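*Asks:* Below you'll find the structure I mean.
The values are calculated or read from the model by the stated rules, or taken from the named source; none is laboratory data. Every value quoted in this text rests on a predicted model; they were computed, and no experiment measured them. Heads up, the Cβs are rebuilt from the backbone with ideal geometry, glycines too, and the neighbour counts pull from every protein chain shown.
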Amino acid sequence: MKKVEYVRCNDLKFINLNGLYNEDFTSLKNLDYTILKVIEMEAPISLNMLKARLREAMEIKKISQKALDIINERLDYYGIVRTSNLYEEILWPKEGVFEVNYLRVNGDRQIYDIAYQEMINLSKDFIKLGLKDEELLRAMLAFFNLEVLTEKARTYLEFIIEKSK
């Protein structure tokens with residue numbers, strides 16, 4: 001499996017939350033810029049990770065439902081493709097879903113934030129080594145320096161293994 005460093009977008013423009021609510025031109029322009037830059041650099045990216053970057057740009061701790069509605073409108077406006085990752089929505093550039101032949105490592109992502117298209121590469125490598133069942137699940141978990149196989153993690157990893165077949 002090819003591993004590459006996760007490249008994080010740090011080119012975030014400040015987004016004034018009140019300006020966003022009032023449809024201020026500069027706030028909307030900065031939102032659009034930040035969304036498109038983050039997706040360009042980090043796709044496939046979970047909606048959860050995009051919200052984390054936008055919280056940084058807005059200098060807030062939590063995104064309200066009203067702000068999320070505006071963000072979703074902008075994603076739709078720019079034709080951002082969304083796929084299901086079982087627990088998370090994964091965002092892709094409008095060109096669509098790409099085949100991913102690597103796993104990006106050393107990012108600040110949870111395993112649920114990693115597109116299953118990336119995780120399949122890890123799964124296939126461990127399957128080639130002859131791992132299966134519980135041993136396979138634990139090896140995948142250990143790859144991310146995690147030890148506890150929660151029910152949520154088990155379900156997600158089994159989803160990935162099924163997609164690997």
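*Asks:* Here is a list: Asp32, Asp69. Which entry is of a type in the set (Asp, Glu), free of Cβ contacts under 8 Å to residues at least 12 places away in the same chain and assigned to a helix (DSSP H, G or I)?
*Replies:* Asp69
*Asks:* In addition: Just name the residue that is surrounded by the most Cβ atoms within 10 Å (Cβ to Cβ) out of those in segment 125-143 that are assigned to a helix (DSSP H, G or I) and in contact with a helix residue (DSSP H, G or I) (Cβ under 7 Å, 6 or more places away or on another chain).
*Replies:* So the residue we want is Met140.
*Asks:* Looking at Ala153, Ala115, which is the one that is touching a residue at least 40 places away in the same chain (Cβ under 8 Å), buried (at least 17 other Cβ atoms within 10 Å of the Cβ), in contact with a Pro (Cβ under 9 Å, 6 or more places away or on another chain) and not β-branched (Val, Ile, Thr)?
*Replies:* Ala115
*Asks:* Which numbered condition in (1) surrounded by 12 or more Cβ atoms within 10 Å (Cβ to Cβ); (2) in contact (Cβ under 8 Å) with a residue 12 or more places away in the chain; (3) of a type outside the set (A, V, I, L, M, F, W, C) is the only one that Asn106 fails?
*Replies:* Of everything listed in (1) surrounded by 12 or more Cβ atoms within 10 Å (Cβ to Cβ); (2) in contact (Cβ under 8 Å) with a residue 12 or more places away in the chain; (3) of a type outside the set (A, V, I, L, M, F, W, C), Asn106 misses just condition (1).
*Asks:* Answer yes or no: is there a residue in segment 42-57 that is closer than 26 Å to Tyr156 by Cα, touching a residue at least 40 places away in the same chain (Cβ under 8 Å) and assigned to a loop (DSSP other than H, G, I, E, B).
*Replies:* Looking for residues that are closer than 26 Å to Tyr156 by Cα, touching a residue at least 40 places away in the same chain (Cβ under 8 Å) and assigned to a loop (DSSP other than H, G, I, E, B), one finds at least one in segment 42-57, hence yes.
*Asks:* Here are some residues: Leu122, Leu146. Which one is in contact with a strand residue (DSSP E or B) (Cβ under 7 Å, 6 or more places away or on another chain) and either surrounded by fewer than 18 Cβ atoms within 10 Å (Cβ to Cβ) or part of a helix (DSSP H, G or I) (or both)? Lay out the reasoning, then the answer.
*Replies:* On the way: Leu146 fails: in contact with a strand residue (DSSP E or B) (Cβ under 7 Å, 6 or more places away or on another chain).
Among Leu122, Leu146, only Leu122 is in contact with a strand residue (DSSP E or B) (Cβ under 7 Å, 6 or more places away or on another chain) and either surrounded by fewer than 18 Cβ atoms within 10 Å (Cβ to Cβ) or part of a helix (DSSP H, G or I) (or both).
*Asks:* A further question on this structure: Quick check, is Leu47 at pLDDT below 95 and either out of contact with any His (no Cβ under 6 Å at 6 or more places or on another chain) or assigned by TED's automatic domain parsing to the domain that holds Phe159 (or both)?
*Replies:* No; evaluated as a whole, the condition is false for this residue.
*Asks:* Select, from Lys3, Lys94, the only residue that is under 30 Å from Leu157 (Cα atoms), in a strand (DSSP E or B) and in contact (Cβ under 8 Å) with a residue 12 or more places away in the chain.
*Replies:* That would be Lys3, the only listed residue that is under 30 Å from Leu157 (Cα atoms), in a strand (DSSP E or B) and in contact (Cβ under 8 Å) with a residue 12 or more places away in the chain.
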